[in-house]
Structures are given as structure tokens and as C-alpha cells.
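What follows is a single structure, written as C-alpha cells, with notes after it.
The values are calculated or read from the model by the stated rules, or taken from the named source; none is laboratory data. This structure is a prediction, so every number in the text was calculated from the model and none was measured. Neighbour counts are summed over all protein chains in view; Cβ atoms, including those assigned to glycine, are modelled from backbone coordinates with ideal geometry. Heavy atoms of the whole protein, side chains included, go into the accessibility calculation; ligands, DNA and RNA do not. Shrake-Rupley method; radii C 1.70, N 1.55, O 1.52, S 1.80 Å.
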2 protein chains.
Amino acid sequence: METLKSYVCGRWHEADAGFRPLVNPATGEEIARASSRGIDFGEVLEHARSQGGPALRSLTFAERAGLLKAASKVLREHRDELLELSRVNGGTTRPDGAFDVDGATGTLAYYGAIGRGLGDRPLLVEGDGVQLAKTEGFWGRHGLAPRRGVAVHVNAFNFPAWGLAEKLACSILAGVPAVTKPATATAMVAVRIVELLVAAEAFPEGALQLVCGGTGDLLDRLGAQDVFAFTGSADTAMALRDRQNLRETNTRVNVEADSLNAAVLAPAPSEAAVDLFLKDVVREMTQKTGQKCTAVRRVLVPAADAERIEEALVERLARVVPGDPAADGVTMGPVATAQQLEDCEQGVAELLACTRLVHGEGRRIDGTGAPAGKGFFFPPTLLRADDARGAAAVHQREVFGPVATLLPYDGTAEEAADLVALGGGTLVTSVYGDDMDWLGRFTEGCAPFTGRIYIGSEASAEVAPGSGIALPQTLHGGPGRAGGGEELGGLVGVKAYLQRVALQGARGVVEELLVPNESE
Amino acid sequence: METLKSYVCGRWHEADAGFRPLVNPATGEEIARASSRGIDFGEVLEHARSQGGPALRSLTFAERAGLLKAASKVLREHRDELLELSRVNGGTTRPDGAFDVDGATGTLAYYGAIGRGLGDRPLLVEGDGVQLAKTEGFWGRHGLAPRRGVAVHVNAFNFPAWGLAEKLACSILAGVPAVTKPATATAMVAVRIVELLVAAEAFPEGALQLVCGGTGDLLDRLGAQDVFAFTGSADTAMALRDRQNLRETNTRVNVEADSLNAAVLAPAPSEAAVDLFLKDVVREMTQKTGQKCTAVRRVLVPAADAERIEEALVERLARVVPGDPAADGVTMGPVATAQQLEDCEQGVAELLACTRLVHGEGRRIDGTGAPAGKGFFFPPTLLRADDARGAAAVHQREVFGPVATLLPYDGTAEEAADLVALGGGTLVTSVYGDDMDWLGRFTEGCAPFTGRIYIGSEASAEVAPGSGIALPQTLHGGPGRAGGGEELGGLVGVKAYLQRVALQGARGVVEELLVPNESE
């Protein structure tokens, strides 16, 4: 059995105790173990601050972008190997693994591309200059400076590659060294990624460290110049946010938590909109076995369309083949861990208090190609609640698996937006329709409660990739329950690692300090 | 004695118990009393949410900007009355009162002006659109939506007018109703401002409420759509940030705390730079009797220049005349309260552990024109520490009065930046010199540790207003000890009250939902 190592202080660290097992979720077989025992987290931070930070800051934004581009290439060259690890440790089908791994390389490449134009000054210029007095003798402009600390990245189990890369891309481009910590249960892909990047000398020493296992007292050592970025459950986010040290030192915290995303069908939809809606809902329920923070949990349909939509969804869900991704014909893998399986069963039981089962068993099944009784298989499960407002649990309890609830509503944009809002803040809301007036009122109503609105229409049907993809160009994050953080969104995500500073002085002085040579 | 009222739920509320006295700090005389006893804070929030919010959101950004412009005019028309209240309740000289009151009207007018161009859509468009797929069938762009909650504004005692206005301007423009709470000790100016705005029907009912006295359980009732903006001491900021409800609900918190701002003289300065430096330091030490969150607390001078700078500062500080602002010839008023006076005495005593007294008594004095033994007068006080790095208290203990410490340093940009950083995060850093290479290295070194860098040079000397003014065009806020918040800075401050949302869909759909008609 493989023992996973951490990469800290310029060397690979192997623990000698405190191990947790990693399991193939399709078979239940233990395949590796991990522990961070013996790591001195004070040294880890000191290594990042004294070596990684200065090395990154000695490069320009454009030069750091070049590192990201090269890192993307390294990972792309090992795609097959990473997909295989994803299957073995994550239970992913090949398309689901690719969703994670290609998302990682794509995001690194994207930030490599946009970073090339960010210039050669220590501060990134933001916005236009503005005259602050009667003459240009007093002028103001904003710049963004790399924070002088460390970025601690704690990622969720469902995206070991993409989660690592999307946070790393932003902090490296900003000039802030990172300590990345994958969820232990599915850490093998992340460990391999760091091995590849270290071997390729993709980043200056100290710019990327890997903690495999628990974080010990790492968070209690962070300060005002550091950034703590977390992706995971809303409950864990709350516990971490509560950490006294983070509050006392004013550490910058960026949280992206799971949320109860809704897909909404507008009234009187065209057949094209209905088709797109059905295709998207089924994918967003079952892709990665529903283990996406952007997955659809609530399916709002006009009451008049509820029966036919339910029928169509059931028909499509029935075609999904859960099983061991190594077996032929399997289209959906297991959930990632025994604990996730238990949570799915528990969650559906809780939702059944105010919903009824429309499709799926709501409990573990045997998977195609897997030994009977082995593996963490949970079938696509559709619930329904006819009293959409009254079904409180549907708006509060997330089941992190292939589970969603059908909620008929009255067809008005206002009611649809209010139902979305009952989720208390979500990462993404998808809506399907072509009536611009209705879409306008819906958008206005739900915008404060969601980080992204994905509009499916006839005009988008051909090329839109579905609501579940967090593209680097657009915001990933949402208010309230979704954590209140902001990742990706082009430079928005990079700014989490930068300190905004206003420069004031004579125009010539301010502009010379901020504006890159090439655009002068 | 006047009893100050609160304006809540559309009526003026007068408490019948729980009063705290307000005092004329130049005479010690009680002039008014305030209490929020009897206010139902649940009703206050409900009033804002059910009336103020919808009324504001029914207006466009441009229409709300119009309200701000009109509100500015109302206050300008009552300038003399407000300046007199400022003197009586705040102990301010006329220029110091004007710094506060004119700052308020100027900031309202500024947001009125920039808001006019923000268009007629419910969401504010941000940045450019970007093609997300092979065709324009999938397009992305960011919008900013008014949060659906309430903005609670807790202001500091030193800027009853400006503090109220700068927060209010941003939340009103964003479309979010406000509950404003002045510091009780100096609330009279804020109460009068709200009286004037209510009488003029400047804003829709519910858009502005005033709590005069304690906030009771107000903060414990806030939720994910609300914003809590606080200005005050770093200690109070920490206590409030710790409030369990704010963390549990993910209320957005924006803190602007006092900080240990530094003024830095570059080496081999021109005489013009020295003159500007001396003028600014003396003003930023004594304006508003040193009670500005942006005041200079640490004065860094090259060791080679330390003696002559000390002499020149002492000479200028000796010309300051502390006393009752009502008396002829007085150029600096008292501190605002007995408690502030005590804190100044205590603070100087603590600093004297690692500094020596260069000018000033370091304890209460009688003021010109004030009865002996009455009034909270504290003289301009200059300390000096020759071991700048070793004088830990100088970088940690803020004395919120006319007190600063002279710190000789070796003249290098790196050492100056490191000394600035020892403050743990400041609102503003001022630097005086003309050597661009030195300024560049200094700026790079201290930018992550401060919210604003004010560069005084020959080119700025004629028109620059000093580092203490928080202009609405540029960021007000700083990292770490300074609170980590962001106010003003043009739209930066408005965004605190908006939720960023990415819109994705066909280009035509996304653009029609976001882009105002006039720019189509």
C-alpha cells in the first residue's frame, strides 16, 4: 500500500504514524494511506514567507503567468495517468475525471493567458487615474500589491485537481506562495500533480507546498497578510471561520461552500428550452455522482408542466448506469467515501419528511461491475414536493450525491426567485426560457441570492456547457450559505491575494509608479 | 437639557430612561442626553426591509444618485448651524468642524455625480463581456445587484457628519436602506443631519433610520443579506467581529479601524519636500486634536535629518494654541470626552517606556478661554525613540490625540517600509521626496501594509490637501489592524452593498439584461 507524502520546506516528508486510509470507492479496497504527522507548520509558513514569497515577487505578473502556462502543459502531458488515479481513488468515470483534470489544466492556462498582459510593475494598476485637485499636481489611482503572506488552500474531496489548480493559479499570479491541502480521502491526484510540478521545477522553491493529511496548528499560525481559502461543506466552513486566530489577526478568509442550487424552467417554455433543461438537470444531478458544489439540488417547474417534466426526468434518469467506472457501460461512479454514502442515505431520509420519492431507491445499491455489497453506490434519486414553499428541508438540507427535488411553482418570475432565495445563498442558479421580460424580473429577484445565473435559451443551446462548470472567466462563489467568497471571475479571484492601495500624489509620480512601460 | 431622539419606523422616538449625557468638551457642561431605550430593533430592521429597500430598489442607480445630490444641498444650506453644533458637542474649531461637515456634503455630492452615469438597469454592469464558447451563444458578464437587506452603520465619535454621510452615500446609491448609529458622546450633529434630511424628505421612508444611544440586539438580528459597517477603535472592531450571529449568518462586515499611520521623510530631501513634510505632520498631528483615524502617529526621518526636523517640529507645535474654540486665537480644541483625555494620558505614559518627551506635557492642561480645571485639553505632544525598531509600543499603541513619535531611521527605502509594516496594517502612509527610484522601492515595500500612499513632492506641494483627508475617489481602509475594510474609492465603497453575480447565456440575452439602454 502506497504511503502518500507531503512536500514541505523543499523536501518530501513521510509520516511514521497517524495514518488515514484512502480507499477505492468502487471496491472498498484500501489503496493508500496518508498522514501529516511530524510536519512543523511553523517551518512550512516560514519557508513560504522567506523563500517562496520573495522568489515570486521578484518576477513580474507577466512572468508568473508564464509559470502557470508551463504548469498547465506539464499536467496536460500526464492527463491519462491523472485520469486513472482519479478513477482509482475518486471512483470517477473517465468523463467525470476529465471534468476535474481538464478543468485544472484549462484554468492554469487561462490565468497564464490573461496574466501575460498585466505588465511589469510590482503593483497591478486598477481602474483609471483621477484628478483630485485643481491641477494634476494631486492625482489618484489604485494599485494592487501582492500580500506578504502565505495562501493556505484547503480543498474539497470532489475536485482534487481542479480545486488545487484554480486556487493555485490565482495565488501564484498574484505573487503569493501557497500551501495546498487536498481532502485526505481523495488526495492521490493532488499528490501526483504536486510531484509532477516539483519534478518539472514549475515554480520557485517555496511557492508551492503540499500538506497531505491534517493541518495541525497551521491555521492558528496565520496572520493579517495571509489568505485562507476553503472549499467544502457549509458546516466545516462555519467551524473554520470561527477559529479565534483568524478573527484576531484579521486573516483574509475566502470560503466557497456547498449550496442548494436551483434549476428553473420558465413558464410556457419552447420545446428547445425544455430539451435543454432536461439534459442539463440530468447531467447536473448525476455528473460526478452529484458531488459538485454547483450541482442542481432543486428543480423548479411551472405546475402546469410538472407531470410531463417529471416523466421525462424519470425516463432519462432510468438510463443512468451506476457502477464501477472500470466496467463497461457504466455511466456514473460511486460516491467518494463510506461517509458520503451514509450522508446521502441520511439526507434522503430527512428530505422524505416533506417530499415523496419519484425515482431511485434513496439508499445504497450494488453497482454494475462491482462485487455485491462492496463500493459506495447511490442511485440517481428524484424527490418531489408539491408545496414548494412549505418543504423547508428541501431549501436547507443538501444531499451531496445524485439527488434532487422537483418543486412545482406557479410560473411567476417573482415566486421562482423567492423560492431560489429560500436556499439562503447559492453558487449558481440556472433558468431556461426565452421570454426576456420574465427573465429580467427573475434575474432581478434572485441576483442578490446567487453568485451566477446561467440562462439556457434557444440561442445558447448549441454551445452552452451546462451550469455546473465553474469557468475561470466568471465568478465562482455565492452569498450567505454558499460562503460569501469569490473565486475565479478573471481578476476577481486574483484580487483575493492582493492588497488594494490608493496612490496619491502628482500625476507624473503616481503614473510612473503604477503604469507599465509598454503602455506609457 | 435637550433629549436627543431616534428616528425609527417612520417616527421620532424619545426614550424615557437609560440616558447617557452629552457634554461640551471645552467646558465639561452637560448639554444633552440620549438613550435608545424602548426601540424594538426587530421592527427597525423590518421597516427597512419592507419599506426602505423596495422603495430604493424601485429607483434606478441614476435616480438614487439624484437623491444624494439633493441631500448634499440640504446639508450645505445648514452648514453654519452644523458647525456650531460641532463646536458645542465636539469641541471643534471652525476649520475642524468644517473638515467634518464639508466632508459630508462633498462626499454626498461626489456619489451623486458619479451615480448619474450608472444607468437604468436593476443590476450594475461590471467589466466587459467575454465569449465563453466557440460562438456568442455562450457569453458571460458580471453584474452587481443591491443586497436585499439592511446596512447598519456604526460610526466613530470623531466624524459625526462625514462618517454618517460617507457610509450613507454608498449604501443609498447601491439601493440598500441604512440604519445609522452615531457615537453617543458626539451625536448632536448626526441627529440634526437626520432631522434635516427627514424634514426635506430627502430619501424614501425607511431608507434612513437613526439610532441614538445603544444598539441593543440590533447586530444579533442581522443576516446574510445585511451589511454591518463599523468605524472605531481596533479593540471595539474585534469585539464586534467576534459576535456569533454575524459569523453564523455570514453577514457582510466592513471594518475601518484606527491605525498607526506613518509619515516618512525620504533621504536627502529638497527644501520644498521638507517644508511640505513639516506642514503636513503638524496638521496631521493637531487637526481635530489628533482625533482622526488617518492622523500621523509615527514620524520617520533619516537619522541625518533628525535633529533639524525635531527642532522645526517643536517650533511649529509650540505655536498651536489649545483651548475653547469659542475663544479668540484658539487653534486646537479639546479632545472629545473625559474618557479620551484619560486614554491620551495613559497612552503617553505607556509610550514613555520606550520614548522620551520632546515637546508637550503628556497630560491634561488648562485650555485658553476655558475655566481652570474644566474641559478635556491635551497639548500637542511629540515623543522620540532613537531605536525605531526596538520601540515596540510605538508601533502598537495608538494614542488618539495630538501625539506622535519621531523615529530616526537609516534612510533606506527598505528600512522605512519595514518600519511602516511594524504597525500591522494602516489606513494611510505619507512619504515626502522626489527620488523616483527610492519612492518605487518604498511603495513596493509598504503597499501590502497600508490602504493609501500619499506622496508629497515638489510637484504636489501647491495643491495637495494633506494625507488626513479621506477623499471619496480613493480607497479608505487598510489591512490587518486597520480593519481590512474598504470604504469610498469610488465604486469600491458602493460594492460593499452589492452582490456580484455572473450572468451566463447567449450574448444578446446577457447584454439585454445588463447593459443600460443609453449605451446600447
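Some notes on this structure:
- Selection within segment B:482-500 - open to solvent by 40 Å² or more (accessible area, probe 1.4 Å) and in contact with a Gly (Cβ under 8 Å, 6 or more places away or on another chain): B:GLY484, B:GLU486
- Pick from segment B:235-252, criterion more than 8 Å from chain A (Cβ to nearest Cβ) and in contact (Cβ under 8 Å) with a residue 40 or more places away in the chain, ranking: most open to solvent (accessible area, probe 1.4 Å): B:LEU240
- Scope segment B:156-178; condition more than 22 Å from B:ALA62 (Cα to Cα) and in contact with a Leu (Cβ under 8 Å, 6 or more places away or on another chain); matching residues: B:ALA161
- The one condition in (1) closer than 20 Å to B:ALA48 by Cβ; (2) open to solvent by 10 Å² or more (accessible area, probe 1.4 Å); (3) among the aliphatic types (A, V, I, L, M) that B:ALA133 fails to fulfil: (1)
- Among the conditions (1) surrounded by fewer than 22 Cβ atoms within 10 Å (Cβ to Cβ); (2) β-branched (Val, Ile, Thr); (3) modelled with pLDDT under 95, A:VAL314 misses just one, which is (3).
- The residues in segment A:162-183 that are open to solvent by less than 10 Å² (accessible area, probe 1.4 Å) and within 23 Å of A:ALA15 (Cβ to Cβ) can be counted, and the count is 7.
- The listed residue being part of a loop (DSSP other than H, G, I, E, B), within 14 Å of another protein chain (Cβ to nearest Cβ) and open to solvent by less than 20 Å² (accessible area, probe 1.4 Å), out of A:GLY143, A:GLY149: A:GLY149
- Selection within segment A:439-465 - within 16 Å of B:LEU514 (Cβ to Cβ), within 8 Å of chain B (Cβ to nearest Cβ) and surrounded by fewer than 22 Cβ atoms within 10 Å (Cβ to Cβ): A:GLY440, A:GLU444, A:ALA459
- The residue that is nearest to the other protein chains (Cβ to nearest Cβ), counting only those in segment B:419-433 that are among the aliphatic types (A, V, I, L, M) and surrounded by fewer than 24 Cβ atoms within 10 Å (Cβ to Cβ), is B:ALA421.
- Pairs, first over 12 Å from B:GLU63 (Cα atoms) and polar (S, T, N, Q) in segment B:103-116, second part of a helix (DSSP H, G or I) and open to solvent by 10 Å² or more (accessible area, probe 1.4 Å), C-beta under 7 Å, six or more apart: B:THR105/B:ARG76; B:THR107/B:TRP162
- Residue in segment B:89-103 that is touching an Asp or Glu at 6+ places or on another chain (Cβ under 9 Å) and among the aliphatic types (A, V, I, L, M) present: no
- Applying the condition of being among the small types (Gly, Ala, Ser) and surrounded by 22 or more Cβ atoms within 10 Å (Cβ to Cβ) to segment A:386-418 and asking which residue is farthest from A:PRO448 (Cα to Cα) yields A:GLY401.
- Check on A:GLY323, within 21 Å of A:GLU30 (Cα to Cα) and surrounded by 13 or more Cβ atoms within 10 Å (Cβ to Cβ): yes
- Hits in segment A:419-442 - residues which are touching a helix residue (DSSP H, G or I) at 6+ places or on another chain (Cβ under 7 Å) and among the charged types (D, E, K, R): A:ASP434, A:ARG441
- Residue count for segment A:141-164, restricted to those that are small (Gly, Ala, Ser) and farther than 17 Å from B:CYS446 by Cβ: 4.
- Taking (1) surrounded by 24 or more Cβ atoms within 10 Å (Cβ to Cβ); (2) more than 16 Å from B:ARG252 (Cβ to Cβ); (3) not basic (Lys, Arg) in turn, A:PRO479 satisfies each apart from (2).
- Candidates B:GLY468, B:GLY478, B:GLY508, B:GLY493, filtered to the one that is among the small types (Gly, Ala, Ser), more than 7 Å from every other protein chain (Cβ to nearest Cβ) and outside any loop (DSSP other than H, G, I, E, B): B:GLY493
- Positions within segment A:437-465 being farther than 20 Å from B:GLY508 by Cβ and assigned to a loop (DSSP other than H, G, I, E, B), in sequence order: A:GLY451
- Just one of the listed residues (A:LEU471, A:LEU503) is open to solvent by 10 Å² or more (accessible area, probe 1.4 Å) and of a type outside the set (Gly, Ala, Ser), and it is A:LEU471.
- Flag if A:ALA156 is within 22 Å of A:GLU256 (Cβ to Cβ), more than 12 Å from chain B (Cβ to nearest Cβ), assigned to a loop (DSSP other than H, G, I, E, B) and out of contact with any Pro (no Cβ under 7 Å at 6 or more places or on another chain): yes
This table checks each residue for (1) touching a residue at least 40 places away in the same chain (Cβ under 8 Å); (2) closer than 30 Å to A:ALA174 by Cα; (3) not small (Gly, Ala, Ser).
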| site | (1), (2), (3) |
| --- | --- |
| A:GLY18 | yes, no, no |
| A:GLN51 | yes, yes, yes |
| A:LEU59 | yes, yes, yes |
| A:LEU68 | yes, yes, yes |
| A:THR92 | yes, no, yes |
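Yes or no, residue by residue, for (1) more than 14 Å from chain B (Cβ to nearest Cβ); (2) over 26 Å from A:TYR7 (Cβ atoms); (3) more than 19 Å from the chain's Cα centre (by Cα); (4) of a type outside the set (Asp, Glu):
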| residue | (1), (2), (3), (4) |
| --- | --- |
| A:GLY214 | yes, no, yes, yes |
| A:ASP220 | yes, no, yes, no |
| A:GLN225 | no, no, yes, yes |
| A:ALA257 | no, yes, no, yes |
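- Any hit, segment A:319-337, residues being in a helix (DSSP H, G or I) and either under 19 Å from A:SER86 (Cβ atoms) or modelled with pLDDT of 95 or more (or both): no
- Exclusive hit being of a type in the set (Ser, Thr, Tyr), under 26 Å from B:VAL227 (Cβ atoms) and at pLDDT 95 or above, set B:THR60, B:THR27, B:THR3: B:THR60
- The residue of segment A:114-140 that is nearest to the other protein chains (Cβ to nearest Cβ), among those that are in a strand (DSSP E or B) and not small (Gly, Ala, Ser), is A:VAL130.
- Flag for B:THR289 being modelled with pLDDT of 95 or more, more than 14 Å from every other protein chain (Cβ to nearest Cβ) and buried (at least 19 other Cβ atoms within 10 Å of the Cβ): yes
- When B:MET436 is tested against (1) at the interface with another protein chain (Cβ under 7 Å from one of its Cβ atoms); (2) open to solvent by 10 Å² or more (accessible area, probe 1.4 Å); (3) under 16 Å from the mean Cα position of the chain (by Cα), only condition (3) is not met.
- Just one of the listed residues (A:THR184, A:THR180) is within 18 Å of A:TYR497 (Cβ to Cβ), hydroxyl-bearing (Ser, Thr, Tyr) and outside the structural domain of A:THR337 (by TED's automatic domain parsing), namely A:THR180.
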